[in-house]
1. State the answer as a single residue: which of GLY88, LEU144, HIS182 lies farthest towards the positive end of the charge dipole of the chain, with beta carbon charges of +1 for Lys and Arg and -1 for Asp and Glu, about the Cα centre.
2. Mind ranking LYS105, LYS147 by accessible surface for me, highest first, 1.4 Å probe?
3. Once the other residues with Cβ under 15 Å from the Cβ of GLU280 are scored (Lys, Arg +1; Asp, Glu -1), what is the net sum?
4. For PHE185, what is the net charge nearby, where nearby means another residue's Cβ is under 10 Å from its Cβ and Lys, Arg count +1, Asp, Glu -1?
5. Along the positive direction of the dipole of the chain (beta-carbon charges: Lys, Arg +1; Asp, Glu -1; about the Cα centre), which of SER101, ALA281, GLY223 reaches farthest?
6. What does the charge count near ALA128 come to, summing +1 for each Lys or Arg and -1 for each Asp or Glu among other residues with Cβ under 13 Å from its Cβ?
7. Once ligands and nucleic acids are excluded and a 1.4 Å probe is used, how much of CYS282 is accessible, expressed in Å² to the nearest 10?
8. Tell me the relative contact order for segment 1-131 as a rounded percent, counting alpha carbon contacts under 8 Å between residues six or more apart.
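The values are calculated or read from the model by the stated rules, or taken from the named source; none is laboratory data. Owing to the predicted nature of the structure, the values given are computational and were not obtained by experimental measurement. Cβ coordinates were reconstructed from backbone atoms using ideal geometry, including for glycine residues, and neighbour counts include every protein chain displayed. For the accessible areas, the whole protein counts, side chains as well, though only heavy atoms, and no ligand, DNA or RNA atoms are used. Shrake-Rupley method; radii C 1.70, N 1.55, O 1.52, S 1.80 Å.
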Amino acid sequence: MTERAAAVFAKRFGDATGAVVATAPGRVNLIGDHTDYNDGFVLPAIVDRDVEAIVRRRPDRRVRIFAADLGELREANLDGPIDYSNSGWLPFVLGVVHELSQRGKIESGVDVVFRGSIPRGAGLGSSAALEVATALALDTAFSLSLKPVDLALLCRDVEHRYAGVQCGVMDQFASCLGRSDHALFIDCRSLDARHVPMPLEGHRLVIIDSGVRHEDSESASNGRREECERAVAILHEDDASITSLRDATPETLEKYGSRLPPDLLARCRHVVFENQRVLEACGCLANGDPAGFGRLMNASHLSLRNDFEVSHPLLDRLVEEANEVEGVLGARLTGVGFGGCTVSLVSEGALEELQLRLEPLVDDWSAHSIVVATPERARVTEVIA
C-alpha cells in the first residue's frame with residue numbers, strides 16, 4: 001500500500017518523502033436514519049470500502065489537492081479568499097485544512113492526494129470518510145494528537161461550515177470510531193458511543209447501490225431537518241421540556257399531535273419510533289436475535305417511506321424484492337434517502353438467490369453490490385520515509 005501511495009503522490013507532486021498515508025472507512029447505517037440531528041440514537045457499522053488520503057506539509061501557505069480517481073486538481077492559498085461554492089468534493093478536503101488553520105492548529109499549507117472505493121453519493125459516508133482520512137493524515141503530519149471524538153466533531157463542523165450540509169455526528173463518528181464486527185451505538189445528544197458486537201454468524205450484510213443520485217438530496221435533507229425543528233417549536237409551546245425530538249415520546253404525540261400539521265406529525269412519528277427501534281435493535285444483537293433485528297429493519301424502511309418520505313421507487317422495489325427471498329431477514333434504505341443504497345440482512349445460503357432476484361434491477365451488479373467483509377478501522381497506515 002505504501003509503495004502504491006508513494007507512486008500516486010509522486011506522479012503528481014514529486015518526491016513523496018515525509019508524506020503521511022491515512023485511510024478511513026465508509027459506513028452503513030443499520031438502523032436510525034434522520035435521528036442524529038434530532039439528538040437521537042443511531043446504529044451504524046463500518047464497511048470494507050474506504051478513502052485514502054496522502055498528505056505532505058509544504059513550506060508555504062499553498063494547498064494543492066489532487067483527486068486521483070477523477071483526475072482533478074484544485075489549488076488555494078490559506079491567506080486568501082477561498083470559494084467553496086459549486087465545488088464538489090473540495091469542501092470536504094480543503095475545508096478540513098482551512099478549519100485547522102483557522103483554529104491555529106496548522107501553520108503551513110499541504111499537498112494532498114486522495115482516492116477511494118466508496119461509491120460517491122450513495123449514502124455510505126464517502127464525504128465523512130474523506131474528511132476523516134484527511135484529518136487523520138494532518139493530525140500526524142502536524143503532531144496534533146487530536147482525540148478521535150474531537151477529530152470527528154471537527155469533521156462534522158467542516159461539513160456544516162464549508163459544505164453547507166447540516167448533518168448530525170453519525171457519519172464522522174462511525175468513520176473515526178468504528179470497529180470490525182461491531183456496530184456503533186451513538187447517543188447523538190450526549191455523544192456517548194459504545195461498540196455493540198454483531199453476532200451474525202451465518203448471516204451477511206448486503207448493500208445494494210440503486211445507482212439513483214438525487215441532485216438535491218442535501219437540500220432536501222436540510223429541509224427535513226427544518227421540518228423537525230418547526231415541529232419541536234410547536235411541541236415546546238405545550239411542553240417546555242421538549243427541546244428536540246429526542247424528548248418526544250409516543251405519549252407526547254398522542255397528547256399534542258393534533259397541534260401539528262399532518263406532515264410534521266408524520267416526521268415526528270418516524271423519529272420517535274425510530275429511536276425506539278434503535279434501542280430494540282441493540283437488544284436483538286445482545287440476545288443473538290438476527291430475525292428480530294431484521295423485523296426492525298423492515299419497520300424502519302416503512303417509516304422512512306411513509307412518514308419521513310425520503311424513499312424512492314427503486315429503493316422500495318429493491319427492499320420488496322429482497323424480502324421475497326427466503327433467508328433475507330430484513331431490508332431497508334440506508335442513509336439520507338431519495339436514492340442511494342439499501343442494506344439487507346441475509347443468511348449466507350441465500351446470497352446467490354438474492355443476486356438473481358436483484359441483479360436485473362441495477363445496471364452493474366459487480367459495481368453496485370457490496371457484501372460486507374471484515375473492514376479496517378480508520379488509521380494512519382504509514383509515514384513515507
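1. Checking the options against the dipole of the chain, the answer is LEU144.
2. Correct descending sequence by accessible area is LYS147, LYS105.
3. Charge balance in the 15 Å sphere: +1.
4. Residues near PHE185 contribute -1 overall.
5. Going by the Cα projections, it comes out as SER101.
6. -2
7. Accessible area, nearest 10 Å²: 10 Å².
8. 30
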